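What follows is a short report on a single structure.
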Amino acid sequence: FSSYEYIKVEKKGKNGCVQLIQLNRPKALNALCNALLMELGDSLRAGEADESVAAFVLTGSERSFAAGADIKEMQDMTLQGCIKNQFLSNWDVLAKVRKPVIAAVNGYALGGGCEIAMMCDIIFAGEKAKFGQPEINLGTIPGAGGTQRLIRAVGKSLAMEMCLSGLPIDAKKALSFGLVSRVCPPDKLVDEAIQLGEKIAQQSKLIVSICKDAVNSSYELGLQEGLKCEKRLFYTTFGTEDRREGMTAFVEKRAPKFVEN
Ligand code: CO8
């Protein structure tokens, strides 16, 4: 973990069950340059492979979660270059992680910063967080899910308002529209996220990843397809040791001991 320049990675929680990834490029308010994104992808892959890790927490600083893609890197880019280099096509590592990811957002989550928060499974916000898609101010549009995930989270009117005007919303509004599920004092935010990660870590890792898959299918499919997918995944749990253990422990009035990864 020590070789990273733009992120800090630590194991937190009981037995290091939560991998905390802190974006750490303070001079640029955690603008998401390519090198930072490579490191983020690398640390996520390492956490996926580490059996002691049950969940990730992704955070920034108190001032800024991430102020967007790096505008200085993009300034001279061309259409041809974007296509040729598949610009930022590696951003979705986060959206494809099998273990749960909790975003703990203090300060600015703008542009790509808001988009990576929305790629996480759960978002907690500090009281001073600001979420926005200001790309329109730069003569461009969101390119990593901002026009797609935001509308699912907050509905069409507010998503349009944010994307077309570039104006951000505060934590309270984000909570009232369901973009985030909890608002906490800034200095308590990361601990609350880690505590949730620890709670998730008490469950079966295998069943947690199946459950995450099922919830995501609702996000991605229509209702009938989603219900079918859920049913198949529900049946799948009956092929696992941990499902048998969970129900047996309930019947025997004891705590379950989950073992499957
Ligand atoms: N990129 C590069 N540098 C940045 C960025 C950024 N996004 N944001 C801030 N910085 C830098 C500033 O240039 C400044 O550096 P320097 O000291 O060298 O001048 C430093 O961070 C501090 O910033 P400010 O002085 O501006 O700090 P303020 O407190 O005055 O303002 C703001 C804070 C409001 C956050 C302001 O910095 C700002 O508006 N930043 C830009 C926000 C933005 O427009 N983000 C969207 C970027 S575009 C994007 O994310 C597109 C994603 C598309 C993904 C496509 C995937 C395929």
Q.
If I model a spin label at R232 and K172 as a point 7 Å from the Cα along the Cα→Cβ vector, what separation in nanometres do I get?
A. 4.6 nm
Q) Can you pull the percent of the range 128-261's accessible area that's carbon plus sulfur, 1.4 Å probe, other chains left in place? A) 57 percent
Q: May I ask for log10 I(q)/I(0) of the range 20-110 at q = 0.12, 0.16, 0.19, 0.20 Å⁻¹, from a Debye sum over the Cα atoms as equal point scatterers with solvent left out?
A: -0.41, -0.70, -0.93, -1.00
Q) At 222 nm, what helix-only mean residue ellipticity would the chain give, in deg cm²/dmol to the nearest 500, using -39500 (n - 2.57) for each DSSP H run of four or more? A) -13500 deg cm²/dmol
(Q) Give the lysines whose C-alpha is closer than 28 Å to that of K253, dropping any in the same chain fewer than 8 places away, or say none. (A) K14, K199, K205, K212, K231
Q) For the modelled label position 7 Å from the Cα of Q22 along Cα-to-Cβ, which residues of the range 90-134 have backbone nitrogen atoms closer than 13 Å? A) 106
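Find, to one decimal place in angstroms, the Kirkwood hydrodynamic radius of the range 202-261, where the mean of 1/r is taken over every pair of different Cα atoms and then inverted. Before the final figure, lay out each step's value.
Values: mean 1/r = 0.0814 Å⁻¹.
Evaluated on the range 202-261, it is 12.3 Å.
Kirkwood hydrodynamic radius for the chain: how many Å is it when counted over pairs of different Cα atoms? Don't skip to the answer; put the middle values down first.
Values: mean 1/r = 0.0519 Å⁻¹.
19.3 Å is the Kirkwood radius here.
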(Q) Please give the Cα centre distance for the range 51-97 versus the range 1-39, rounded to the nearest Å. (A) 12 Å
Q. Using the heavy atoms of the protein chains alone and a 1.4 angstrom probe, what is the accessible area of the range 205-261 per residue in square angstrom?
A. 74 Å²
Q. Order of 5-17, 172-184 by packing, highest average Cβ count within 10 Å first?
A. 172-184, 5-17
Q | Nonlocal amide H pairs with F87, under 5 Å, H built at 1.01 Å | A | none
**Q.** Separation in nanometres of the label points that stand 7 Å from Cα toward Cβ, at N34 and A249
**A.** 4.7 nm
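The values are calculated or read from the model by the stated rules, or taken from the named source; none is laboratory data. Since we're looking at a predicted model, the values are computed, not measured. Quick reminder, even Gly has a Cβ in these numbers, built from the backbone with ideal geometry, and neighbours come from all protein chains shown. Please note that ligands, DNA and RNA were not included when accessible areas were found on the heavy atoms of the full protein model with its side chains. Shrake-Rupley method; radii C 1.70, N 1.55, O 1.52, S 1.80 Å.
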